[in-house]
1. Checking the conditions here, which among 72, 11 is within 12 Å of the ligand (Cβ to nearest atom), part of a loop (DSSP other than H, G, I, E, B), modelled with pLDDT of 95 or more and within 17 Å of residue 200 (Cβ to Cβ)?
2. Residue by residue through segment 157-203, note down the ones that are closer than 25 Å to residue 288 by Cβ and outside any helix (DSSP H, G or I).
3. Of the residues 65, 138, 79, 73, which single one is free of Cβ contacts under 8 Å to residues at least 40 places away in the same chain and buried (at least 17 other Cβ atoms within 10 Å of the Cβ)?
4. Looking for something at pLDDT 95 or above, touching a His at 6+ places or on another chain (Cβ under 9 Å) and crowded, with 17+ Cβ neighbours inside 10 Å - is there at least one such residue anywhere in segment 280-295?
5. With the structure loaded, tell me whether residue 110 is among the charged types (D, E, K, R), in a loop (DSSP other than H, G, I, E, B), within 10 Å of the ligand (Cβ to nearest atom) and under 15 Å from the mean Cα position of the chain (by Cα) or whether it fails that test.
6. Of the residues in segment 278-302, how many are hydrophobic (A, V, I, L, M, F, W, C), over 18 Å from the mean Cα position of the chain (by Cα) and farther than 22 Å from residue 219 by Cβ?
7. If residue 42 satisfies every condition in (1) charged (D, E, K, R); (2) within 13 Å of the ligand (Cβ to nearest atom); (3) surrounded by fewer than 17 Cβ atoms within 10 Å (Cβ to Cβ); (4) under 21 Å from residue 207 (Cα atoms) but one, which is the exception?
8. From the list 16, 50, pick out the single residue that is modelled with pLDDT of 95 or more and in a helix (DSSP H, G or I).
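The values are calculated or read from the model by the stated rules, or taken from the named source; none is laboratory data. Predicted model, so just to flag it, every value in this text is computed and none were measured. No Cβ is skipped: glycine too gets one built from the backbone with ideal geometry, and neighbour counts run over all protein chains shown.
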Amino acid sequence: MSKQTVALVGGTGHLGSLIADAVLDKPDAQLRLFVRPGSRPKTEGLEKRGARVVEGDIGPNDSRAPASLCEGATTIISAVQGGPDVIIEGQARLLRAARDAGVRRFIPSDFSLDLFKVKPGQIDTSDWRRQFATLADAERGTVEVVHVLNGGFLDRAVLFGFIRVIDVETQTAYVWGDGKQPMDWTTYFDTARYTAEVATDERPVPRAFKIAGDVLNFDSIVRAYKTGSKKKLLRIERLGSLEDLDAHIDELKKAGPANFLTYLPLMYYRSILNGEGKLNELMNDRYPLIRPTTVREYIEREGL
Ligand SMILES: NC(=O)c1ccc[n+]([C@@H]2O[C@H](COP(=O)([O-])OP(=O)(O)OC[C@H]3O[C@@H](n4cnc5c(N)ncnc54)[C@H](OP(=O)(O)O)[C@@H]3O)[C@@H](O)[C@H]2O)c1
């Protein structure tokens, strides 16, 4: 049986490197990486495992490399991070190269809550991804575009970091509103494994592929922390109503784009806490061999 070629852009990044490993673990797939020349040293380990590299950039000055990347590929996965120049314009260049090369499937760099339900202006980075999705619908030709949606990352960097539902250092859990809304969390590792399955699936995949390792409301996350860590000291800070959160974000936005990273996590937490970004109809069962990590298991395993 000939192997499918999966081409990955962003394979030097946090999520992308895990996707690269997950694709290399599949006996029926080979991996082609698209890497900016200056970042090539980061791919040494993946190249040792058999990944091939095409050097290039999805920016405006490199039209040849995306075509070489896509030639003969079955699926393109994008795990890039950046502003609208990368997420809208760069991914559009990549999608057009995929379409022109006859690629079967394209997975854009979404990996988030349900960005299709989030209203315009609520999360800037979701606005860009929806704009790319609209463009992709118009320009994809026969390419199947699949948006992988996993909720928030159930990891130190996000649940316990960027969004900071729990700050492990100060032993404090933070919430706005009543916290009763169920929330979707999936580890980077599990998201990468599901993405590798979607990339190599011979069957048509739904346009939005939705998974979650765990679905918990705020009180259940606190309980999972207490049982998983065996610490009893967790302090709970109720920061105000969801309307107070709106006002806080508006206030932070007044300082302009330089303040972006102070209000972006709050924008995500708002759309998680008010249910706007909730993933309905989870599709974990499509790949039953993956048993994703729960919040409690992650806390135990990481010793948080
Ligand atoms: N759901 C959540 O909680 C959550 C949280 C965080 C991130 N995410 C999403 O996960 C995805 C990946 O994020 P990440 O944190 O893993 O990103 P990351 O670690 O910052 O990696 C970004 C990757 O994009 C590459 N890249 C950027 N611009 C490029 C260009 N012009 N041409 C080629 N490659 C380019 C980088 O290459 P270099 O090595 O050359 O810089 C790097 O490999 C994003 O869609 C992000 O929004 C979701």
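1. 11
2. 182, 183, 184, 185, 186, 187, 201, 202, 203
3. 65
4. no
5. Yes: the conditions hold for residue 110.
6. 1
7. (4)
8. The conditions single out 16.
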